[in-house]
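Readers should treat all values here as calculations from the given coordinates under stated rules, not as data from a laboratory. Because the structure is a prediction, the values reported are computed rather than measured. Please note: Cβ atoms are built from the backbone with ideal geometry, for glycine as well, and neighbour counts cover all protein chains shown.
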Amino acid sequence: MSRVLITGSTEGLGLMAARLLADDGHLVTLHARSAARAEDARAALPEAESVIIGDLSSMAGMRLVAEQANSGGRYDAVIHNAGVGYRELRRIPTVDGLEHVFAINVLAPYLLTGLIERPDRLVYLSSGMHRSGDPGLSDPQWEHRHWNGSQAYSDSKLFDVVLAFAVARLFTGVLSNALEPGWVPTKMGGPGAPDDISLAPVTQAWLAVSSDPQAMVTGGYFYHQKPRAAHPAAQDPEVQDQLLSYCAALTGMTL
Ligand SMILES: NC(=O)c1ccc[n+]([C@@H]2O[C@H](COP(=O)([O-])OP(=O)(O)OC[C@H]3O[C@@H](n4cnc5c(N)ncnc54)[C@H](OP(=O)(O)O)[C@@H]3O)[C@@H](O)[C@H]2O)c1
C-alpha cells in the first residue's frame, strides 16, 4: 500500500486517478483550491485519507499546500496533476504578478517538488501539446508578446517534462517521470475530446505505485503505459538548468 498525494483532484483526471488508487487499496490525499471545492472532493471520494487545500495560482497557496502535505507525514508518491488549459482568452496575472498558466502549471509543481518532503516517486502531467512548446525563456510571463493561450499551455506542458527530467537527473533515489493522458473530455479537455477517458488516468496511477519494472524507471515519458518520445529539448541539461534557475529566482528556492 502506498500513500499518494494528487494535486488538483476535485474532478477530472486527478479524481479519476485517485479513485483507481483508492480502489486498489492505496491511501490517497486529495487537493482542492478552496474549502468549498474540498467538500466536493470529499463527497466524490469519501475513502480518501484527507483533502488538503490551497490555491496553486499564488506562491502563498503553493506554500500552504506543501505545509499541509508535510504535516501529514511523508508520501510515497506525488502526482503533479493540477492544471489550467489551453483556452484562456487573455493573459491573467496572478497575485504575484505572474501569468497564471505558468504559475499553476509550472511554478506550482516546481515549488511543491522542492518543498514537499521527497517521496519515492514523482509524476508530472504533461500533454501531447508539449511538442509545440517553446523551451526558450525569453518572455515566460507573456509581458511582451501578444497573448496566445494555446502556446502558453504548450510551453507550460513542455516545462513540466523539462522539470520531470531535471528532477530525474538531480534527485538520486527518486523516480521522476512525465506522461500525456490523451485528449479526453474533462472540464479542461471539453466535451468533444476524442480519446478514451477510461485510459486517461491509468498511467499516472501506475507510475505512482506499480512494481512493474516498466514503471520503476526515471526520466521517462509515457502514453498509456508505454514509453513515448518527448520534445528533445526536455533532455537538454542546459534547458533544464535554465528553467530551474528561472523558477529559483522567482521563488527563492533551489531544488
Ligand atoms: N483533459 C485532457 O484532455 C488533458 C490532455 C492532456 C493533459 N492533461 C493534463 O491533465 C491534468 C488534469 O487535467 P484535467 O483534464 O483533469 O483538468 P480539469 O478537469 O480541468 O481538472 C483540473 C484540476 O486542477 C485543479 N486546479 C486548477 N487550477 C487550480 C488552482 N489554481 N489551484 C488548485 N487547483 C487547481 C482543478 O480544480 P477546480 O475543479 O477547482 O477548478 C481540478 O481539480 C492537467 O495537468 C492537464 O494539463 C489533460
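Points to keep in mind about this one:
- Region 73-227 - percent relative contact order, Cα under 8 Å, separation 6 or more: 25
- Among H231, H130, a tally of other beta-carbon atoms within 10 Å of each Cβ gives an order, fewest to most, of H231, H130.
- Per-residue ellipticity at 222 nm computed for the chain from its helices equals -11000 deg cm²/dmol, with DSSP H segments shorter than 4 residues left out and the rest contributing -39,500 (n - 2.57).
- Applying 1/(1 + (r/R0)^6) with R0 = 30 Å to the Cβ-Cβ distance of E39 and M253 gives a FRET efficiency near 0.45.
- Placed amide H near I52: partners under 5 Å, 5+ positions off or other chain: L30, H31, A32
- Cβ charges +1 (Lys, Arg) and -1 (Asp, Glu), total dipole of region 1-139, debye: 160
- FRET efficiency, R131 to T172 (Cβ-Cβ, R0 35 Å, nearest 0.05): 0.75
- Model label points for D23 and W147, set 7 angstrom from Cα along the Cα-to-Cβ axis, are 3.9 nm apart.
- Shown for Y223, Y124: other C-beta atoms within 10 Å of each C-beta, ranked fewest to most, produce the order Y223, Y124.
- GNM result for the chain, Cα springs below 10 Å: residue of F159, F171, F222 fluctuating most strongly: F171
- Virtual spin-label span in nm between N70 and D241, 7 Å along Cα→Cβ: 2.8
- A full extension of the chain between V95 and R63 corresponds to an added length of 10.1 nm, given 0.36 nm per residue minus the alpha carbon distance.
- Average Cα contact separation per residue, region 157-207, under 8 Å, 6 or more apart, as relative contact order %: 26
- DSSP-defined beta bridges in the chain - what % are antiparallel, rounded to 5: 10
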